[in-house]
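Trainee: Can you read through this structure? Questions will come right after.
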Amino acid sequence: MSTRRRKPSSDSAIAESSDSPTGERLRPVWLGGVAALFVATPLIPSEAAPAGLGVALLMAWFALFSAFVVTGAVQGTLRLRLSATDVAVFVFITLHTVSALVLADAGQPRQTLNMLWQWIGFGVAFLLVRQVVRTAAESRALVAVMIALAVCLSMHGYFQYFYSMPEARREYEADRDGRLAQVGIDAPEGSIAREQFENRLYSTEPMATFTLANSLAGFLGPWLLCAIGITALNWSTREMRLSLGVSAGLSVLLIAGCFVLTKSRSATLAVLIGVATLALYGRQRGWRPGLLFVFTFIASLVALAALAVFVGGLDLLVLTESSKSLLYRVQYWRSSLAMIADSPWFGCGPGNFQETYTAYKLPEASETIADPHNFLIEVWATAGTPAMIAFLSVLICFALQMRRCRKRSDSSSRESDDLGCVRGIYWGAFAGLPLGFVAGLVVDYVPDFALFVVGLPIAVVSAISWHAWVVNGRLPVVVLVVVVFTLLINLSAAGGISFAGVALTLWLLLATALNLSQSPGSTDTLSKKVATAVAVGVITMTFLFWYSTFAPILKVSMQLQVAGDLQTQGRFLEAEQVLANAARTDSYSVEPWQMLAQLRLAMWLEGGDASREAGFVEAARETLAHHRRSRAAHQAYGDWYLRAYRTTGE
């Protein structure tokens, strides 16, 4: 490996590096692709990652990474930014992958495989930002785009709160049974299923594109704090005050309002701690907020809270039930620590937490959770002690590097050579919304079109208003460090470390802070042999993802849809054949066997064909074999045989 050190004179000097003209012309493409994927990811509910809902975007991440690496290897210009934090990330992803491979057959193989690739995808996103984003202006452009995305999702949240959620409640009250049948839920009056559906329906917290309000708060909080920190630490620059007052004022107002409506206690506490930390840092740097600033800030908080109370988005229960919420989390953590004690080395396997948790759930616990609501315990419980230590090492290395690094001014105001790349980020971000829509359609998820009608126009206005700061402003590293710190505070009491829509914010902030803290010329150009080896490895990884996960999930999804249509038409034999083919297409998936068991049971009992019993028994056993720890799978298995007994008397 040969090293070429360059003077950190200016960001534009990097553009005049040894890259070939072709490679340099492609930089806006790489940056646009990164921006598009960061924008598209939160548009698909990432809480359903174990089910494979985000595989289309993962395929796009791997394809972009492969194209970037192969292009650099062919041209001999593949460069590498490397630090102790990068090495720690690589070690962590490796250990996490080992845990997934060791425990692939311990629970639900398909879910484990999906989460294995999801975490590798986090590593790919981190590496791409580290290698592709070179200048301070590009870092600022990415941050501005994410703040605009937070504005977009906030507008979607307002639409839900004020229109779509009340409308859904009115439709349900007009025809309760019909509405349940329409969404495919069999829930008689007084059943637990109906109670759960109604609790969710009558909840007032907006969720935007997420399936949990806490996840939306986990995404909005960091970018709200980012906008506040950028404004506070750039306010001394008189030339920036007017543009920042407009851009930050619009963004903070819209994001904060939706953030309050989510009623997330942990996220609110984290943001308040972040604001206090930034204020203390500002005082140490000589910043003395005047009385007008303090009065305006306090008045804004009071007005925002009063408005939330007025529209019914905030009430005393948010405060009075805080102790109960904390008690629930203590229960989750106790059960999770018991899981860890029984499987300390490799954990229960990625994607298997909920199924394993059922056996450790305390009798007084309120629900069967999908994650322990603590990022470190989740990594520990699912991937084992070595992976948890490696993840902790990532954070420690990052903290030490931030402490050691010299505080760069990041004040370059003339980066004309870089504006083409900044425009590439803007165009990529704009393409991110339709990309998320298409990626959802691939896996039969249709995003709410109101996101484009209500959110997109305001998001574009927000992004334009931040452009003056992108070109002439500063992005102090301390802002990113504080936001990382507060995000981890939130994730200490809320789920999200494995949700792409929330977790990618963490990896983006880590990578951006590292980029800004390092000298612009601190990159190593890989030798031809090393670059070729890296390219082969990345292509192999991409092919393995396509072969093991992307292609099977897409094929099975289409086959299950065809089988469902055939059953609706009464063509049961054809549906059975399609389901059998789906089971062979993806030997790790449980869904084809579940549907096959239900179909064969109906054909046996309702059709009076005793020869179908053996086929049903096979499908039922395969369902359990593919979902060994699942309480729901075992309950369904028992219900099937109970139905058979009641029909046959045997």
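The values are calculated or read from the model by the stated rules, or taken from the named source; none is laboratory data. Because the structure is predicted, anything quoted here is derived from the model rather than measured. Positions of Cβ are backbone-derived with ideal geometry, glycine not excepted, and every protein chain shown enters the neighbour counts. What goes into the accessible areas is simple: the full protein's heavy atoms, side chains included, and nothing from ligands, DNA or RNA. Shrake-Rupley method; radii C 1.70, N 1.55, O 1.52, S 1.80 Å.
Trainee: Per the Kirkwood definition applied to all pairs of different Cα atoms, how many angstroms is the hydrodynamic radius of segment 558-612?
Mentor: Radius from the Kirkwood sum: 11.2 Å.
Trainee: What distance in nm separates the two pseudo spin-label positions at A63 and L573, each 7 Å out from Cα along the beta-carbon direction?
Mentor: 4.0 nm
Trainee: OK, next. On a full-extension model of 0.36 nm per residue, what is the gain between Q196 and V460, subtracting their alpha-carbon distance, rounded to one decimal in nm?
Mentor: Here the segment from Q196 to V460 would lengthen by 91.3 nm.
Trainee: Relative contact order of the chain: what whole-number percent is it, with Cα pairs under 8 angstrom and at least 6 residues apart?
Mentor: 29 percent
Trainee: Report the equivalent ellipsoid semi-axes for the chain in whole Å, largest first, defined as the square roots of five times the eigenvalues of the gyration tensor built from alpha carbon atoms. Intermediate results must be reported in sequence, preceding the final value.
Mentor: Details: eigenvalues 378, 187, 104 Å².
Square roots of five times the eigenvalues give 43, 31, 23 Å.
Trainee: To test your reading of the geometry: what angle, between 0 and 90 degrees and rounded to tens, separates the Cα axis of helix 165-174 from the longest principal axis of the chain?
Mentor: For 165-174 against the chain, the angle is about 20 degrees.
Trainee: Please list the non-local residues whose amide H lies under 5 Å from the amide H of L212, H modeled 1.01 Å from N, same-chain partners needing a gap of 5 or more.
Mentor: none
Trainee: Only helical DSSP H runs with n ≥ 4 go in: add -39500 (n - 2.57) per run for the chain, normalise by residue count and round the 222 nm mean residue ellipticity to 500 deg cm²/dmol.
Mentor: My calculation for the chain gives -23000 deg cm²/dmol from helical runs alone.
Trainee: For labels at A610 and L327 in the simple 7 Å Cα→Cβ model, what's the distance in nm?
Mentor: Taking the two extended label points, one gets 5.7 nm.
Trainee: Quick one: pull the percent of accessible area on segment 52-209 belonging to carbon and sulfur, 1.4 Å probe, ligands and nucleic acids left out. Could the numbers behind the result be given before it?
Mentor: Working: 3470 of 5590 Å².
Carbon and sulfur together cover 62 percent of it.
Trainee: What are the residues whose amide H is under 5 Å from the amide H of L80, where those residues sit 5 or more places off or on another chain and H is modelled from the backbone?
Mentor: The list, which skips near neighbours in sequence, is D524, T525, L526.
Trainee: Can you work out the Karplus-derived ³J(HN,Hα) for every residue in segment 36-41? Use 6.51 cos²θ - 1.76 cosθ + 1.60 with θ = phi - 60°, whole Hz, and x for glycine or proline.
Mentor: Those phi angles translate into 4, 6, 5, 6, 6, 4 Hz.
Trainee: Multiply the residue gap between R170 and L362 by 0.36 nm, knock off their C-alpha separation, and tell me the result in nm, one decimal place.
Mentor: 65.4 nm
Trainee: Another question about this same structure. Considering only protein heavy atoms and a probe of 1.4 Å, how much of the accessible area of segment 432-575 is carbon and sulfur, as a whole percent?
Mentor: Carbon and sulfur: 74 percent of the exposed surface of segment 432-575.
Trainee: What number comes out for accessible area per residue over the chain if the probe is 1.4 Å? Units Å², please.
Mentor: For the chain, the solvent-accessible area averages 44 Å² per residue.
Trainee: Cα atoms only, segment 462-508: Rg and Dmax in Å?
Mentor: Spelled out, the Cα radius of gyration and Dmax of segment 462-508 are 13.6, 38 Å.
Trainee: A follow-up question, please. Quick one: what are the phi-derived ³J(HN,Hα) couplings along segment 25-34, Karplus 6.51/-1.76/1.60 with θ = phi - 60°, whole Hz, x for glycine and proline?
Mentor: Each residue of segment 25-34 in turn: 5, 7, 4, x, 5, 4, 5, x, x, 4 Hz.
Trainee: Further, regarding this structure: With bins 10 Å wide starting at 0, give me the P(r) of segment 437-543 over every alpha carbon pair, in whole percents.
Mentor: For segment 437-543, the binned pair fractions read 11, 20, 34, 29, 6, 0 percent.
Trainee: Let me ask something else. Mind listing the phi-derived Karplus ³J(HN,Hα) values for segment 427-438, rounded to whole Hz, using 6.51, -1.76 and 1.60 with θ = phi - 60°, and x for any glycine or proline?
Mentor: 5, x, 4, 4, 6, x, 5, x, 4, x, 5, 5
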